[in-house]
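Okay, so here's the structure we're looking at.
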Amino acid sequence: MSTVPILPSTLTVTALFNSINIFGLIFVKRKKLPAQKTQSQTALTSNKSARSFYLQGVKKLAEQDFCSAIENFNLALNINPDSASAYNDRGVARYNLGDKHSALQDLNTAIQLNPKNAKFYSNRGFIRSRMGDEAGAIIDYNLATTINPKCAKSHFNRGIIHYNSGNSKEALADFNSAIKLNPNQAQAYYNRAVTLSNLGDSNGAIQDLMKSAQCRGNS
């Protein structure tokens with residue numbers, strides 16, 4: 001049976017907000033000058049603008065218009081340079097354009113701003129593994145699963161690294177966790193089948209291959 005492939009896996013994008021604010025124009029009476037904005041009012045307007053640019057960036061990212069997404073994330077970060085989600089999502093867009101180094105820098109910044117977000121570590125682990133830093137990727141996946149044990153993607157990707165490093169038992173544990181969290185993931189069943197075969201469990205491997213085919217057929 002073939003070795004476990006490094007299958008395509010997407011980075012995680014911050015979820016869209018439930019609604020987008022629509023800003024209307026405020027009309028004033030003639031010959032009446034508008035009141036000078038206070039610092040808090042200016043900050044509020046800036047925050048709304050940053051959020052608007054950010055949401056547009058997420059929309060463009062979902063449409064796979066990565067260049068436009070980056071432009072909008074840049075505008076959002078110019079207004080609010082402390083937006084960890086904007087750095088994360090810009091990193092996703094940059095990675096998809098092949099700019100791994102800049103993507104990694106964005107994920108580093110996102111984690112610095114919010115060190116308790118499991119998705120950020122999972123994304124950085126993904127990028128590190130694609131850059132050949134498997135040890136760093138394992139560290140990030142460990143952190144992701146510690147913060148959020150239900151992060152199925154982290155278990156799955158860490159399992160691939162474990163298998164390719166010759167740690168079949170650790171890989172099996174990760175694929176078991178990934179399947180438990182997402183029982184309809186065909187790739188996880190396939191990879192577990194390969195791992196079971198390597199560990200000498202032919203019957204278990206055949207069952208997982210059948211399950212993998214079933215999941216693909218239902219998708």
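Key figures for this structure:
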read-out	value
Residues that are buried (at least 17 other Cβ atoms within 10 Å of the Cβ) and more than 16 Å from Ser129 (Cα to Cα), drawn from the range 146-159	Ile147, Cys151, Ala152
Pair list, Cβ under 8 Å, 6 or more apart: the range 196-219 residue within 14 Å of Asn176 (Cα to Cα), other residue part of a loop (DSSP other than H, G, I, E, B)	Ala205/Met1
Lone qualifier among Ile160, Ile179 - being in contact (Cβ under 8 Å) with a residue 60 or more places away in the chain and either of a type in the set (A, V, I, L, M) or part of a helix (DSSP H, G or I) (or both)	Ile160
Residue count for the range 67-103, restricted to those that are assigned to a loop (DSSP other than H, G, I, E, B) and hydrophobic (A, V, I, L, M, F, W, C)	1
Matching residues, the range 70-115, being charged (D, E, K, R) and either farther than 17 Å from Tyr54 by Cα or without any contact (Cβ under 8 Å) to a residue 40 or more places away in the chain (or both)	Glu71, Asp82, Arg90, Arg94, Asp99, Lys100, Asp106
Considering residues of the range 125-135 that are under 17 Å from Thr146 (Cα atoms) and in contact (Cβ under 8 Å) with a residue 24 or more places away in the chain only, the residue surrounded by the fewest Cβ atoms within 10 Å (Cβ to Cβ)	Phe126
Yes/no for Leu55 being modelled with pLDDT of 95 or more, surrounded by fewer than 20 Cβ atoms within 10 Å (Cβ to Cβ) and in a helix (DSSP H, G or I)	yes
Residues located in the range 160-211, provided they are buried (at least 21 other Cβ atoms within 10 Å of the Cβ) and of a type in the set (D, E, K, R)	Asp174, Arg192, Asp208
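So that you can scan it fast, the table gives a plain yes or no per residue for (1) over 20 Å from Ala144 (Cα atoms); (2) not aliphatic (A, V, I, L, M):
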residue: Phe175; (1), (2): no, yes
residue: Ile179; (1), (2): no, no
residue: Asn198; (1), (2): yes, yes
residue: Asn203; (1), (2): yes, yes
residue: Asp208; (1), (2): yes, yes
residue: Cys215; (1), (2): yes, yes
residue: Ser219; (1), (2): yes, yes
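The values are calculated or read from the model by the stated rules, or taken from the named source; none is laboratory data. Quantities reported herein were computed from a predicted structural model and do not represent experimental measurements. Heads up, the Cβs are rebuilt from the backbone with ideal geometry, glycines too, and the neighbour counts pull from every protein chain shown.
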